[in-house]
Amino acid sequence: MFLGVVATLQAQVSPVRFSVHLDPQFAWFSSDDDRVEPDGSILHLNAGLQMDYFFAENYAFVLGVGINNLGGNLRYADSTEFSSKGEMLLIEPGQSAKLNLQYIDIPLGLKFKTEEMGYSTFFFQLGFNPMININAKASSDQASFNKQDIKESTNMFCLGYHVGLGLEYKLAGNTALLGGVRWTSGLIDVTDNDRANVKINALSIHLGVLF
């Protein structure tokens, strides 16, 4: 009976909940070198599964896995080469390239929730985003190449952080709709270009279902 009571209380205090999400997001690059400048954002999607483990009533550890599509446009002041399956893609000075990068994203962090107000609960989430690159494409109308594979010129591992605000709207039982905004920013270079530290950024609309 004692073990049963402890297990029941533990289940009430520290439940595990899962959610699925599909987030439209604007992504772009930042650079600390004038020779490589951001040249616009692109619209992408981030989709995945998230687990919330509540170690207290309103506080949870977060662990997820998903496919995160990121990228942006870069303008180069100097001649730059991308390696594409053994071939070299040349960007002339003043030309720009559109990079589409796809990662396996493994976000981990903390979630802080308010008490339920009516059918709604608000939350704040922050954490880190370890990511593994699985696809990288480059396109440039000026340089006359389109969706060329540049994984050889892209760092395999990327690390970023995220912060976000959101709302859970209860439907029935434990099922709720999720909505919110999330900011993601890179901490390390995404390319192997030693002349510039190019980092990825994204602003996303977080949409999902909580079970």
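The values are calculated or read from the model by the stated rules, or taken from the named source; none is laboratory data. All of these numbers come straight from a predicted model, not from anything done at the bench. Note that each Cβ is placed from the backbone with ideal geometry, even for glycine, and that neighbours are counted across all protein chains shown. Ligands, DNA and RNA are stripped out before the accessible areas are found, and what is left, the full protein with its side chains, is counted by its heavy atoms. Shrake-Rupley method; radii C 1.70, N 1.55, O 1.52, S 1.80 Å.
A few comments on the model shown:
- Scanning region 159-176 for residues that are modelled with pLDDT of 95 or more and surrounded by fewer than 15 Cβ atoms within 10 Å (Cβ to Cβ) gives Leu159, Val163, Leu165, Tyr169.
- Residue match in region 43-50 (condition: more than 15 Å from the chain's Cα centre (by Cα) and open to solvent by less than 80 Å² (accessible area, probe 1.4 Å)): no
- Residue check for Phe112: more than 19 Å from the chain's Cα centre (by Cα) and surrounded by fewer than 18 Cβ atoms within 10 Å (Cβ to Cβ): yes
- Residue that is modelled with pLDDT under 95, part of a strand (DSSP E or B), open to solvent by 70 Å² or more (accessible area, probe 1.4 Å) and more than 18 Å from Asn146 (Cβ to Cβ), where the choices are Phe61, Phe55: Phe55
- Residue pairs meeting the criteria (Cβ under 7 Å; at least 6 apart or on separate chains; first more than 16 Å from Pro24 (Cα to Cα), in region 161-185; second among the acidic types (Asp, Glu) and surrounded by 16 or more Cβ atoms within 10 Å (Cβ to Cβ)): Ala176/Glu168
- Filtered residues of region 71-82 (kept if surrounded by fewer than 22 Cβ atoms within 10 Å (Cβ to Cβ) and either in contact with a Lys or Arg (Cβ under 9 Å, 6 or more places away or on another chain) or under 19 Å from Ser204 (Cβ atoms) (or both)): Asn73, Ala77, Asp78
- Odd one out for Lys151, checked against (1) out of contact with any strand residue (DSSP E or B) (no Cβ under 8 Å at 6 or more places or on another chain); (2) open to solvent by 80 Å² or more (accessible area, probe 1.4 Å): (1)
- Residues in region 72-105 that are aliphatic (A, V, I, L, M) and touching a Phe, Trp or Tyr at 6+ places or on another chain (Cβ under 9 Å): Leu74, Met88, Leu89, Leu90, Ile91, Ala97, Leu99.
- Of all residues in region 105-138, those satisfying the criterion of being part of a strand (DSSP E or B) and of a type in the set (A, V, I, L, M) are Leu108, Leu110, Met117, Leu126, Met131, Ile132, Ile134, Ala136, Ala138.
- Tally of residues being of a type in the set (Gly, Ala, Ser) and at pLDDT 95 or above across region 1-29: 2
- You will find that of Glu81, Glu92, Glu87, Glu116, the residue that is within 15 Å of Thr191 (Cβ to Cβ), acidic (Asp, Glu) and at pLDDT below 95 is Glu81 and no other.
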